[in-house]
Amino acid sequence: MPAPDVAATVNQLADRFWEGMLRESPLTATLYGDERYDDRLPDVSPVGRATARALRQATLDELAAIPVEGLPTEERITHDMLRVVCELGIRADDLRMDVIASLDQMDGPQTLLSQVVQVQRADTPERLEKLLARYASFPAFVDASLDVLAEGRADGSTAARLVADRVVAQCERQLATPAAESALVRLPRLADGAEAAGRARLEAAVERDVRPALARYLEAVRGPYLAATRDDPGLWSAPRGEERYRMAILQWTTLDLDPEEVHAIGLAELEAIAAEQRTIARAAGFGDDLSAYRAALQADPANRVATKAELVARATEDIGRALERAPQVFGRLPRASCEVRPVEEFMETDAPFAYYYPPAVDGSRPGIYFVNAGDLPSRYLSNLATTTYHEAVPGHHFQIALEMEQPSLPAFRRLGARAVGSAYAEGWGLYSERLADELGLYRNEGERFGMLGGQAWRAARLVVDTGIHALRRDRAWGVDVLRRAGLTEVDAAIETDRYVVWPGQALTYKTGQREIERLRAELAARDGAAFDLRAFHDAILGHGSLPLATLAHELPRWVLPAR
């Protein structure tokens, strides 16, 4: 058994690694309420990339000197997670995954500052100065990003044409919006008594620093880069495409999955879910015609809202209902609250139906659940419910907030563990949609049908992601698969393009859910009547985000039969 100071050494190494991650990813620090780097943007230059690689290599070297045998449970997990994160980072750098991902309609330079002002505080003179410094650093960030785009053009490692088209449209919309009306000027919360002067300074910074850099970025993407983009959306069409796709799958899931096997699992899941949907359709008098039932559900005026405020209010109500029933299946609830906000209008066209931002560590900001109120006639309440239970309560809000509220774990485990991919987190979110059904949270069979539609959507993701990136299917095919799974035309197009720009990410949902459900069934069979669902859920969420292999190995030791 290692000496007690060896376990401490693991945690100290994790702390140093986490500090290095915050320096290289200052927006992550801001997201969690750490204000030390609020005046900086990421360094995507060769220097920044070399620094990130050196951090991972140095951490691996130190890990190699720490014996794993006999470490306490949490330190053993920390050791393993550090190894996984660092090895993945170095392999990704070897394949220059940053180049292939450098143009992005979800998280590219054109969306970066608008995401920042959703979470960065500017309510004191010092905080305002830091935000202004961040705006001032945007031109250098854009220049470095353009250098990465140029690297991609040099060897054909460019984005798909459809990604470039969306980025161009986003930039054009932002530049068409007067600076005074932009999110960068409107959203920051300023100190009392300094509102007018603060807005004036923000507007001047946008005009001086942000808009010219954004215009330069637009010109480069719309010009030489667009001409070099790939016509085929799949990663297979890029240099080393097959190898890069397998790497993307590994980054997102931490598992070495075969794309063709994943494709087959998705098709089987789709059929099983359709059988459940047919039961609801038959009871409603539509026989096996799922399309007719879905059309009737969508045509029901009671299944839509007329205003953005109504959509936010409905999601807020669903979160409240879920919180009331959560103690039935959870022994521990998060302290942080969850607030609902609408997606910024300029992002509505390209943003998903909803998404979640974690709370600040110090409690100064709640968890934030963003709902997309663009194209309100297509935002059906029967789809909103299951999405809310996935993204907010008991889904990502419970999982992330509880992870953050564990002071005994090093910050890397509480805040940075999603660097091991998102199959654990997204698997929990999708599992939560089914759990909401167990809790009786869905108001009617229409909402249950929407839940099953959500399950089918994630099964279709297995099919579409692998189909586009490995089996050489095109975008129109991907949109059609998602439409047949129940998505609207608008959402099917947005989702397909999301899978194009984030290869492998779409696999995390079903992959993680299937593993959590497998473990629950295994432990229930092991313990019989003594199986404690509250203990199972507390154990799943009690150790932070984990690689799926680590979860499968460790969880049976944590969940003991009820006495």
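Quick notes on this one:
- Nonlocal amide H pairs with Ile368, under 5 Å, H built at 1.01 Å: Glu339, Tyr357
- Here the calculated FRET efficiency for Glu489 and Thr279, from their Cβ-Cβ distance with R0 = 45 Å, stands at 0.95, rounded to the nearest 0.05.
- Scattering from the stretch 251-513 was approximated by placing one identical point on each alpha carbon and applying the Debye formula without solvent; log10 I(q)/I(0) at 0.10, 0.14 1/Å stands at -0.49, -1.00.
- Largest to smallest principal axis extent of the C-alpha atoms in the stretch 431-563, angstrom: 55, 36, 22
- Separation of the stretch 88-156 from the stretch 171-189 is 18 Å, based on Cα centroids.
- The stretch 195-341, Cα convex hull volume normalised per residue, Å³: 301
- Cα pair count fraction exceeding 14 Å, expressed as % - the stretch 34-94: 65
- Tail weight of P(r) past 24 Å, computed on alpha-carbon pairs of the stretch 4-240, percent: 54
- Backbone amide hydrogens, once placed in the peptide plane, bring Ala122 within less than 5 Å of Arg189, excluding anything fewer than 5 places away on its chain.
- Interatomic Cα distance distribution for the stretch 423-507, bins of 5 angstrom, percent: 3, 15, 24, 22, 17, 12, 6, 2, 0
- Note on Asp362 and Ser408: with the Förster distance fixed at 22 Å, the Cβ-Cβ geometry gives a FRET efficiency of about 0.80.
- For the pair Ala530 and Arg186 in one chain, pulling the backbone fully straight at 0.36 nm per residue adds 118.3 nm over the alpha carbon distance.
- Shape metrics for the stretch 329-423, restricted to C-alpha atoms - Rg then Dmax, Å: 14.6, 47
- Kirkwood Rh in Å, taken over all unlike Cα pairs in the chain: 24.6
- With R₀ set to 41 Å, the beta-carbon distance separating Asp155 from Glu517 gives a calculated FRET efficiency near 0.45.
- Cα point-scatterer Debye curve for the stretch 493-563, base-10 log of I(q)/I(0) at q = 0.11, 0.18 Å⁻¹: -0.36, -0.71
- Computed lengthening from Glu260 to Asp480, 0.36 nm per intervening residue step minus Cα-Cα distance: 77.3 nm
- Segment Val47-Arg208, extension gain: residue separation times 0.36 nm, minus the distance between their alpha carbons: 55.3 nm
Every number in this text was worked out from the coordinates using simple rules, so none of it is lab data. Since the structure is predicted, the reported quantities are computational estimates derived from the model, not experimental observations. FYI the Cβ positions are ideal-geometry reconstructions off the backbone, even for glycines, and counts take in every protein chain you see.
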